[in-house]
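K.L.:
Below you will find the structure I want to go over with you.
The values are calculated or read from the model by the stated rules, or taken from the named source; none is laboratory data. This structure is a prediction, so every number in the text was calculated from the model and none was measured. Glycine also receives a Cβ, built like all others from the backbone with ideal geometry; neighbour counts cover every protein chain displayed. Accessible surface is based on the protein model in full, side chains and every heavy atom, while ligands, DNA and RNA are left aside. Shrake-Rupley method; radii C 1.70, N 1.55, O 1.52, S 1.80 Å.
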Amino acid sequence: MLKILQSLFGDGFFIPHGHCYLWQTGLVGLHIISDFLIALAYFSIPIALVYFVRKREDLPFKSILLLFGAFIISCGTTHLMEIWTLWHPTYWLSGFIKAFTAFVSVYTAITLVPIIPQALALPSPAQLEAANSQLKLTLKELANTQTQLIHTEKMSSLGQLVAGLAHEINNPISFIYGNAIIADEYIADLLKLISLYQERYPQEVTEIKDFSYKIDLDFIKEDLPNILASMMIGAKRISNFVLSLRNFSRLDESEIKQVDIHEGLDNTLLILQSRLKGEGSHPDIQVIKEYTDLPKIDCYPGQINQVFMHIFTNAIDTLKESMIGCNLSVSKARVIANQEVSNNVPQIRICTEFLDSNQVLIRIADNGCGMTEEVKQKIFDPFFTTKPVGSGTGLGMSISYQIVDKHGGKLNCISELFQGTEFVIQLPVKIN
């Protein structure tokens, strides 16, 4: 072993390589610089390969890359030996390094041959781009499908709730309202009978006279009809509210029908009436209606009413937030349908219009804080919401956009920061 090492690192009485260049400074320097730079490049490439392989755990053909690294390091070492042998004629060592390099290079080439068909089978950048585009489209369709499933489930739950609520309320209210009318007739007859007794028998018995004075009979005769009238008005209002619930949901109407858009808007507002009222020092939210004559349109009534519900709910939430954290300037009020939306009080303005192109236009504008451009660009994205966690699903406007699109219409959002928000719904009168 010692003899082998001595032969490898000994000069063996060979002549240094520099003698071949006659020790000309320029020629020797040229070879030194060239071999050094080549070796430096060879040594830097494997470092990059190793770093790349470690960062990409999913990379195929790692072994061939490592073989390439070993081959390149061997090549770099041979160039360093070229510099070394200029002064030290250890040609045996240099030869063994070249032999090792040759072995690694041949082994790498042999290993590379069966890998070539596999490498050729890898998708090209264009194919990857096409697959990526298809994947994005599939993910978008999946998100839309998920949104629709959630929407369908919500509508189904709402239908069961409204049907049960309408049934449970409508029956007793109908009973109360119907009997209140009969009771009114009975009481009117009884009061008339009492009046006849008073006319025919003006001389009252002391006991009857005292009791009449005690119960204030004159006041009862005057106030009792008013009480019955108030009861009937209240029952009628509840009956109208139940009817609005049924008209709003229209969940029993799964087919396209001709409906009055204004009726859907009014029914939705009636359901949200309690949310329009002010709280504490905050004023009520004003609703300004600017309706024009519209023809009945073909649509799925329950779905269109859902669109109105989502837009009105967002507007109410925005206005309530604006009253707390947004100082609005009157000079920046929006102008809708040639009417300025005042910023002194919270307002929702509804404008309807019949277009020449056989389309109807519904504009719903608020004078809240408005949106930034970034928020406006994402307003119709599924699951996007600016509300705190747990306060919203981010599906309302996405579902609304899909419903309007399903009807062959358009839903646009117009908004600027501190200038309110306007949703423009354009629907065809007839669905093709």
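K.L.:
Hey, can you tell me all the residues within segment 402-420 that are closer than 22 Å to CYS369 by Cβ and either open to solvent by 10 Å² or more (accessible area, probe 1.4 Å) or of a type in the set (D, E, K, R) (or both)?
P.N.:
Across segment 402-420, the qualifying residues are ASN412, CYS413, ILE414, GLU416, LEU417, PHE418, GLN419.
K.L.:
Here's another thing I want to ask about it. Those residues that are polar (S, T, N, Q) and farther than 30 Å from ASN171 by Cβ, I need them from segment 211-241; list them, please.
P.N.:
SER212
K.L.:
Just give me the residues in segment 355-378 being among the aliphatic types (A, V, I, L, M), surrounded by fewer than 19 Cβ atoms within 10 Å (Cβ to Cβ) and assigned to a loop (DSSP other than H, G, I, E, B), in sequence order.
P.N.:
Scanning segment 355-378 gives no hits.
K.L.:
Working carefully through the options SER230, SER244, SER274, SER281, find the one that is within 26 Å of ILE431 (Cβ to Cβ) and modelled with pLDDT under 85.
P.N.:
Checking each option against the conditions leaves just SER244.
K.L.:
For VAL53, are the conditions met, namely being within 60 Å of the chain's Cα centre (by Cα) and open to solvent by 80 Å² or more (accessible area, probe 1.4 Å)?
P.N.:
no
K.L.:
Sticking with this one: Exactly one of (1) closer than 30 Å to GLN258 by Cα; (2) at pLDDT below 90 is unmet by PHE384. Its number?
P.N.:
(1)
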